[in-house]
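The structure under discussion appears below in the form of C-alpha cells.
None of the figures in this text is laboratory data; all of them are computed from the coordinates on show. Predicted model, so just to flag it, every value in this text is computed and none were measured. All Cβ positions, glycine included, derive from the backbone under ideal geometry; neighbour counts span all protein chains shown.
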Amino acid sequence: MSMGGRTLAIGDIHGCSDALSLLLDTVQIQSADTVVVLGDVIDRGPNSRGVIERLMELLRTAKVIGICGNHEEMLFQSVARGTPRMLWLGSGARATLDSYGGQLAGIPESHLAFLQSFVDFWQTDSHIFVHGNVAPDEPVELQGSSYLRWSGFSGSERPHCSGKIIVCGHTGQVQGLPVHVPGYVCIDTRACSGQWLTCLDVQQSVFWQASEAGEIRGPLSLDAC
C-alpha cells in the first residue's frame, strides 16, 4: 500500500512505449507514488522492449507493482520451451520478438527477470488489482492464477465479497474509455488499437489517457464513465 502518495493503475500497455512515456510524463510520478501496472505490457504494439526499459527505469524513482497478464504467461511458457508457442505467436508475439531482433533468445535476462517479478494480484485496504477478473464469492488469495489472468470482464459482475473495488484490464473497451460499475473498474482502453492508454488515480477517481499518436487527455472524472 502506498504511504502518503498516490496509487496509480495503468492498463494494458501492449508495446505502446510512446503512449506510456507521454502518460508517465503527464501524470508526473513522484517518489511516494505506487504505480500498479495491470499486465500485458508486451505484444501487439511496436516497442515492447521500450516499454520494459521504461518501466524498469521507473523502478528507480517510484514503487512499481507489476501484475502478470496472460501475454506475460505465454512468454514465460515459450521461454521454458525454448521456442515461441503458436498461441503466443497468434496473439501478437511477433511484434515483441521484432523489438528484440526477431529471436526469443534476444530478450535479456534482466528483462525476463523483471517480468517474472510480476504478481498474480495486489491489494490495498480498498482495492484489488488484477489483470483479468476475480470470482466474486471467494477470497482472491484462494483463486488460481489462470482465472485471474484469463477471465474476461463483462460489466455485470457482482461486487467482490471483500467489499473492495476490483481494478482490472484484459478486456479491451472499444470506446477507449474506462468502464466503471459498482465494485469494478476496467481500464484496458485498447492503446494498441488506435485508442488510449489509461492511468487511474484510484483515490481521487480521476484518470489520464495518452495515445501512441502523441495525444493526451485528462484528468477526467471516473464518475463520468
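Quick notes on this structure:
- Couplings 3J(HN,Hα) for region 78-83, derived from phi with the Karplus relation 6.51 cos²θ - 1.76 cosθ + 1.60 (θ = phi - 60°), are 5, 4, 5, 7, x, 7 Hz, where x marks Gly and Pro.
- Here the extension length gained between Gln175 and Ser31 equals 48.6 nm, from 0.36 nm per residue of separation less the Cα-Cα distance.
- Unit charges at the beta carbon, dipole of the chain: most positive-side option, Trp208, His127, Ala191: Ala191
- Net charge contributed by nearby residues that have their C-beta within less than 14 Å of Ala113 (K/R +1, D/E -1): -3
- The simple spin-label model puts a point 7 Å past each Cα toward its Cβ; for Ala113 and Leu59 those points are separated by 0.8 nm.
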